[in-house]
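Rule-based calculations on the coordinates, nothing more; no lab input. Just so we're clear, the structure is a prediction, and the values are computed from it rather than from any experiment. Cβ coordinates were reconstructed from backbone atoms using ideal geometry, including for glycine residues, and neighbour counts include every protein chain displayed.
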Amino acid sequence: KGKVKTSWVCESCGYSDGQWWGSCRSCDGVGTMKRFSEGDGGEGRISSGFGVSEKVMGTWLPQQAGDIGPVRLTDVNRGVDQKEWRIPLSGLFGNEVSRVLGGGLVPGSLVLVGGDPGVGKSTLLLQIAAIISEGHEMRQSAPVVYISGEESIDQIGNRADRLRIGTEELFLYSSTDVEDILEKAQPLSPRALIVDSIQTVFLKGVTGSPGGLSQVKECTSALLRFAKKTNIPVFLIGHVNKSGDIAGPRVLEHIVDAVLYLEGEKHSSHRLLRSVKNRFGSTDELGVFEMSQSGLQAVTNPSEIFLSPQQIDSEVLAGLAVTVIMDGSRSFVLEIQALCVASSTNSRQVTGLHTSRADMIISVLMKQAGLKLQENGIFLNVVSGLTVSETAGDLAVAAAICSSFLEFPIPPGVAFIAEIGLGGELRTVQRMEKRVITVAKLGYKMCVVPSSAVKSLLDSLSTQDLIKMEILGCRNLKEVINHVF
Ligand code: TYD
Ligand code: MG
């Protein structure tokens, strides 16, 4: 008893190993292996490590496997209806949140909602809390507990006022101690519990400060256990750090049932809610919202939001083309801007793209597609401020240049996904389906892809996704120019 087990966990992929290695043996990440102490093994730790009465707490805290024996299948499946049952989340958001969760909130599930600081996570979850509590479709309100380790009850109250939430059964509590939180929440038998945020809470007896790898992992396990034991669904808010992971460790994604990311650009009021993991549904779901004076609102016609304001107006600008890039499992729709101006210096200015890649695309356009770009100054820019390092954006770069050069605006609702080879040929890129689904779901009308990718795309995408979107396969740049321009 009292022996501490040390393991090494990769911050970026969650791989764990009993031994330290210079790089992760699973994802090859360098310097990502972080020491993680498991505490004492099993029972010893649980009964000795925590001050609170074991009767209440013991069962929720992370335990070794084997605390329940094997259960007969027919006993497990008793009441299948109840298993299928989901808490509806309609109302304020139409169907957006429900859909992203795969058709409602599954009782006893642990859902992680991640996003950059300030993107609107607390706002979204307070609104969700109100919807669940009011329970329109269930015709009966029920308690929902919103825990904040970041803000005082008054601050949350002010936000609720701004959101015009006056739900009777919404309970607010400010605490960072997981034992305390669960002890206070359980007697209310809430319909849902919300913890804002995982980086601020801690478990007594676990080493490390709140937000550290051990605390984040142990607290999440404790909340998972609570959710499973009580059948109360738990939402967990997590800040994404600079490298794009929640609390650094991707380990969290392995523990929870569902992972949703709330995304948005600084200068835009639009927010995307995306499921990147869901044990109870599809992960290609995307909800689109707009941050308003009174909280988040569902956007019903999302196809327009990624276009420049000029494009939405009747006057469509030349020199704009849209593509989809991937960041880990997340996909982003980006707009590439090009400006070609007649100039003898043929200067190039490139922002958000690798200059060498841009040079190559311009050279291929001249040589293989016959564009007379020699006497042009060319400016290239990625609208969001992101840097595109993927070749999947090649075709959109080329299309934007063509569009500006030919002074022919690309019609709104067209996306381009392909790598360009030195011969001007279009090549397929990884995760083609996921990218195509992203634009299809956003209501785009046409997606230009390499012709070699068309068959497998049509085979693997459900007809539902493509119902409104045409997939245009092209072999090379010349074909793209002939079909689009
Ligand atoms: P918040 O939910 O606090 O973000 P997070 O929890 O992800 O850090 O939201 C922060 C921003 O949202 C803040 O800049 C103010 C803005 N906001 C609105 O625009 N409208 C609103 O109704 C509310 C509540 C917030
Ligand atoms: Mg917050």
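Distance between the C-alpha centres of the stretch 324-363 and the stretch 83-120: 37 Å, rounded to the whole angstrom. Model label sites at Leu406 and Lys277, defined 7 Å from Cα along the beta-carbon direction, differ in position by 4.5 nm. Prolate is the label for the stretch 309-484. Its Cα gyration tensor axes, ordered a ≥ b ≥ c, give a/c of at least 1.5 and a/b above b/c. The order of Glu285, Glu218, going from fewest to most other C-beta atoms within 10 Å of their C-beta, is Glu285, Glu218. Applying 1/(1 + (r/R0)^6) with R0 = 56 Å to the Cβ-Cβ distance of Asn158 and Met366 gives a FRET efficiency near 0.40.
Among residues other than Asp257 with Cβ under 11 Å from its Cβ, the summed charge is +2 (Lys and Arg +1, Asp and Glu -1). Structural descriptor for the stretch 309-484: relative contact order 24 percent, calculated from alpha carbon pairs under 8 angstrom and at least 6 residues apart. Among Tyr146, Tyr15, Tyr444, Tyr173, sorting on how many other beta-carbon atoms sit within 10 Å of each Cβ, with the fewest leading, yields Tyr173, Tyr15, Tyr444, Tyr146. The label point for Lys184 and the one for Ser460, both projected 7 Å from the Cα toward the Cβ, are 4.8 nm apart.
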